[in-house]
1. Of everything in the stretch B:35-71, what is over 19 Å from residue B:97 (Cα atoms) and crowded, with 19+ Cβ neighbours inside 10 Å? Give them in sequence order.
2. Answer with yes or no whether residue A:77 is within 14 Å of chain B (Cβ to nearest Cβ) and within 23 Å of the chain's Cα centre (by Cα).
3. Quickly run through the stretch B:77-100 and pick out the residues that are touching a residue at least 24 places away in the same chain (Cβ under 8 Å) and part of a strand (DSSP E or B).
4. Could you list, in sequence order, the residues of the stretch A:173-184 that are closer than 22 Å to residue B:281 by Cα and in a loop (DSSP other than H, G, I, E, B)?
5. Is at least one residue of the stretch B:210-222 in contact (Cβ under 8 Å) with a residue 40 or more places away in the chain and touching a strand residue (DSSP E or B) at 6+ places or on another chain (Cβ under 6 Å)?
6. In the stretch B:142-152, is there at least one residue being away from every other protein chain (no Cβ under 14 Å), outside any strand (DSSP E or B) and touching a residue at least 12 places away in the same chain (Cβ under 8 Å)?
7. Taking the stretch A:136-153 on its own, how many of its residues are closer than 18 Å to residue A:233 by Cβ and either surrounded by fewer than 24 Cβ atoms within 10 Å (Cβ to Cβ) or over 8 Å from the mean Cα position of the chain (by Cα) (or both)?
8. Name the residues in the stretch A:9-51 that are under 21 Å from residue A:86 (Cβ atoms), over 22 Å from the mean Cα position of the chain (by Cα) and assigned to a strand (DSSP E or B), would you?
């Protein structure tokens, strides 16, 4: 029997799992911290793969999900926001040289889309938009049955679109991006701004409330926290209407920590989407749903990519 | 020898051409007015095809470019803005029943993208964005070597994206769309608004200057006309930066009457694009160019589609 190895690299943890040729239950898996003062992250990753290397099964390929920007076609991590030493790292080459099996690399948000498409909430759809809303906003798109990559694989940066000419500055440095107004960071920045203006809120005892604090306050009825989620929902609905016009998908899948706010986010989001869509035909056979794979999405996306080898 | 028939339906004219199995020089072609008080447009179209039907060659397929919204997969024109009687018209069926050969239908802007990709400025590219900027703004996208369609073929409406929450109202009824600020109509509306405010301009003698009037005035140095093109260029650059992040194309092709303003539009467009792009990697190997096929683009797009049959 053959096997596939899936690797999910994050700023905090590296996970590796061995999967059988079919099915999504891992034969074995393990996670370790990404950073260690005695060893660099890429060596830790290589050693963890070696550690889990199956004795019986032949490894048919290795799929790797890593934070972007990265060039999946060249197998290069250009810059990993939370792994400072990874700059133009030839990650695919490194792994291939050590283990001598085919290796494929993908951006974590793109592979999350692929994972949800092949194994999760998006099964059976040919046109799918995946948005992960957490500290930032990442995206992945399946269009007409293909993972959208673009010439170097930099496509589908769905959080990095300007939806107002002069909005708040995004983590990427640009003004008015969706991420800057509707990510956890964007929501928190808005609340901090309003608190500084003296808006009354149960959050005023916190110097720097996080998106999690804001969610908790909103669930307890705090008006500023509720308004902040509503504002984010509005912008998300506006951006998703744009994406309906651009991609005409049959499903939108929303993941990431901020979606745990539930209806306080989803109600304004769906209302804004319905209001902003330019024709009813874009809502024909169109579902909005939550991601189904939880924190397995990175590994399963990497598995999905490896199985395409 | 086999032949293909290409049909380009516009609000004013219907063009039909017969093409050989290879190459893009038509064997014969003809155009007629779309509207006639004694005959409906679809009968005129069918008769024109019959009129040009080749005596020698076997017709292998018919490709039709028509104004949208239309459903290419079902072969239905949902609504044609300038042909009021075409509502949910089963155009593919009509043609197929009469001539008994395979027929394919496509949205005119999508097929323009396909035409430029196969025969024009976009040859050899796998990731291409086409924008036609005239009365409205239409779009077409080739991603990873496929024409982007979406579940019903309503995708790639690149002019109908909100780039500001409360901008001018678009022809589609939605606020803040790119089309509302950067199409010929959007440019003219801006100038009319400024004239009403008393902004001095050589255009003040015209009650309702058109985009063409504004272009002429701008070429002669009129400051309001120049400012109007600059503003449109700015918004186009902002939207195109978004499309670089969404599609990571290797070429952007710009067509449509408004692009005849040349550098007065392109300079601010390129400056805004360079300023708004979030990383230099999106500009690697990325060309911006003008459409190459002129008014043949509809027929050649329809030909390209028919040859995929």
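The values are calculated or read from the model by the stated rules, or taken from the named source; none is laboratory data. Computed from a predicted structure; not experimentally measured. Every residue, glycine among them, receives a Cβ derived from its backbone with ideal geometry; neighbour counts consider all protein chains shown.
1. Within the stretch B:35-71, B:67, B:68, B:69, B:70 qualify.
2. Judged against the criteria, residue A:77 is a match.
3. B:77, B:80, B:83, B:85, B:86, B:89
4. Listed by number, the residues that qualify are A:173, A:174, A:176.
5. no
6. Among the residues of the stretch B:142-152, not one is away from every other protein chain (no Cβ under 14 Å), outside any strand (DSSP E or B) and touching a residue at least 12 places away in the same chain (Cβ under 8 Å), which makes the answer no.
7. Summing the residues that are closer than 18 Å to residue A:233 by Cβ and either surrounded by fewer than 24 Cβ atoms within 10 Å (Cβ to Cβ) or over 8 Å from the mean Cα position of the chain (by Cα) (or both) in the stretch A:136-153 gives 1.
8. Of everything in the stretch A:9-51, those that are under 21 Å from residue A:86 (Cβ atoms), over 22 Å from the mean Cα position of the chain (by Cα) and assigned to a strand (DSSP E or B) turn out to be A:36, A:39.
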